[in-house]
Amino acid sequence: MNEIRDPDACETMAHVRAGVDEVDRQLVKLLERRFGYMRAAARIKPSREAVRDQDRKDDVHAKVAAAARAAGLPAERLWPVWEELMEQSIAYEFERFDATRS
């Protein structure tokens with residue numbers, strides 16, 4: 001296995017790929033935690049209508065855009081990533097909501 005290097009220290013594509021693979025593993029762990037919060041939301045929300053919350057989505061997009069800008073990243077590149085993440089999270093929350101109420 002290749003040593004995981006800081007992106008600026010990568011000298012070969014093997015270094016880059018090892019780093020990307022490590023980041024992907026970390027992202028999966030973070031997504032498992034995020035989806036855990038969706039399970040909690042499904043358990044806590046009083047009605048199915050409360051699952052989709054456009055105001056919350058707008059708030060998340062604004063926070064991500066601010067964090068992206070602070071990190072020197074193009075917010076417009078992250079917007080579609082978070083839009084899909086939130087839509088998949090909402091779909092999962094609906095599944096969990098329905099499963100806990102049937």
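Every read-out reported here was derived from the displayed coordinates using simple, explicitly stated rules and does not represent laboratory data. None of these values were measured; they are calculated from a predicted model. Glycine gets a Cβ as well: all are built from the backbone with ideal geometry, and neighbour counts include every protein chain shown.
Just flag the trypsin sites (Lys or Arg not before Pro) in segment 1-55 sitting in loop per DSSP whose Cβ has no more than 11 other Cβ atoms within 10 Å.
Values: sites: Arg5, Arg17, Arg25, Lys29, Arg33, Arg34, Arg39, Arg43, Arg48, Arg52; in loops: Arg5, Arg52.
Qualifying residues, ordered by number: none.
Taken as Cα centroids, segment 77-102 and segment 6-47 sit 16 Å apart, rounded to the nearest whole angstrom.
Helix 54-70 and the long axis of the chain differ in direction by around 20°, with both axes built from C-alpha atoms.
Based on the convex hull around the alpha carbon atoms, the chain presents an average projected area of 8.3 nm².
Considering only Ala70, Pro80, Ser47, the residue lying farthest towards the positive end of the dipole of the chain is Ser47, judged by Cα position with unit charges set on Cβ. Exposure proxy shown here: for Leu85, Leu78, Leu27, the number of other Cβ atoms within 10 Å sets the order, fewest to most, as Leu27, Leu85, Leu78. Extension gain for Glu22 to Arg77 (0.36 nm times residue separation, less C-alpha to C-alpha distance): 17.7 nm. Assuming charge only on the beta carbon of Lys and Arg (+1) and of Asp and Glu (-1), the dipole of the chain about its Cα centre is about 540 debye to the nearest 20.
Working note: 222 nm ellipticity from helices only, DSSP H runs with n ≥ 4, each -39,500 (n - 2.57), summed and divided by the residues of the chain, gives -26500 deg cm²/dmol to the nearest 500.
Between the beta carbons of Thr12 and Asp58, assuming R0 = 30 Å, the FRET efficiency works out to 0.10 to the nearest 0.05. Residues of the chain were split at every exposed loop site, defined as GluC sites (Glu not before Pro) in a DSSP loop with at most 11 other C-beta atoms within 10 angstrom, and the longest piece left, sites excluded, is 12-102.
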